[in-house]
Amino acid sequence: MVSNGFPPIADAHARVLILGSLPGQMSLRQQQYYAQPRNAFWPLMGRLFGAGPELPYDERTWRLTRRGVALWDVCAAAYRPGSLDASIRPDSVVPNDFAPFIAAHPQIRLIAFNGSKAAELYRRTVLPGLPAALQAIRCETLPSTSPAHASMTPEDKLARWSIIQNGMEA
């Protein structure tokens, strides 16, 4: 099944870009980033930015953008049966067009990957085609918030994810 991603959520003042790989099935059905209730993304954003899952989706995304955080995915589309990143067929990946996005958001100082698959896809399908100045943006691979990545405690994930607050000050 080919899945299509969402447009980015960002305002003109974005300083950090969080990139996932591709929305999972529940996110696609609900048309919301990280809609799977067992995904740790929104609980982490609640602790870091007051954008927790208890708030309506529009309020959560507004709070992130007001704090300089943008959300998007590496893939505009890809073949993936189910929701696991490991199921993304590499030869089917159509990456999002990052050069115009980053040019329109020149304050981005940190690209934070939600998991190693997003980082790997970015490095393989996006980075080689970017101009040198855009390739120089700092990138950090963070632990996946997916329920499939349950080997870390919520506190350990929070400690790693707090780097995005620091990235906003760079």
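The values are calculated or read from the model by the stated rules, or taken from the named source; none is laboratory data. Everything numeric here is computed off the predicted structure, so don't read it as measured data. Heads up, the Cβs are rebuilt from the backbone with ideal geometry, glycines too, and the neighbour counts pull from every protein chain shown. Just so you know, the surface numbers come from the protein's heavy atoms only, side chains and all, with ligands and any DNA or RNA stripped out. Shrake-Rupley method; radii C 1.70, N 1.55, O 1.52, S 1.80 Å.
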Could you say whether any residue in the stretch 35-53 is open to solvent by less than 10 Å² (accessible area, probe 1.4 Å) and either touching a Ser or Thr at 6+ places or on another chain (Cβ under 6 Å) or part of a strand (DSSP E or B) (or both)?
yes
The stretch 11-35: number of residues that are touching a His at 6+ places or on another chain (Cβ under 9 Å) and farther than 20 Å from T125 by Cβ:
5
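For the stretch 9-29, how many residues are surrounded by fewer than 17 Cβ atoms within 10 Å (Cβ to Cβ), farther than 23 Å from H105 by Cα and touching a residue at least 24 places away in the same chain (Cβ under 8 Å)?
Here is the first cut: in the stretch 9-29, the ones surrounded by fewer than 17 Cβ atoms within 10 Å (Cβ to Cβ) are 11-13, 25-26, 29.
From what's left, farther than 23 Å from H105 by Cα: 25-26, 29.
Narrowing the set further to residues that are touching a residue at least 24 places away in the same chain (Cβ under 8 Å) leaves 25-26.
Going through the stretch 9-29 one residue at a time, the tally reaches 2.
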Count - residues of the stretch 85-115 that are open to solvent by less than 40 Å² (accessible area, probe 1.4 Å) and assigned to a loop (DSSP other than H, G, I, E, B)
6
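Mind checking which residues of the stretch 67-81 are open to solvent by 10 Å² or more (accessible area, probe 1.4 Å) and over 14 Å from Q165 (Cβ atoms)? First the steps, then the outcome.
Restricting attention to the stretch 67-81, the residues satisfying the condition of being open to solvent by 10 Å² or more (accessible area, probe 1.4 Å) are 67, 72, 76-77, 79, 81.
Selection gives W72, A76, A77, Y79, P81.
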Which condition from (1) at pLDDT below 95; (2) under 19 Å from Q32 (Cα atoms); (3) open to solvent by 30 Å² or more (accessible area, probe 1.4 Å) is the one that E59 breaks?
(1)
Across the stretch 144-170, what is the total count of residues that are at pLDDT 95 or above and under 23 Å from P90 (Cβ atoms)?
0
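Being touching a helix residue (DSSP H, G or I) at 6+ places or on another chain (Cβ under 8 Å) and open to solvent by 70 Å² or more (accessible area, probe 1.4 Å) is the filter here; which residues of the stretch 132-145 pass it? Can you show your working first?
Going through the stretch 132-145, the residues touching a helix residue (DSSP H, G or I) at 6+ places or on another chain (Cβ under 8 Å) turn out to be 134-135, 137-145.
Listed by number, the residues that qualify are Q135, R138.
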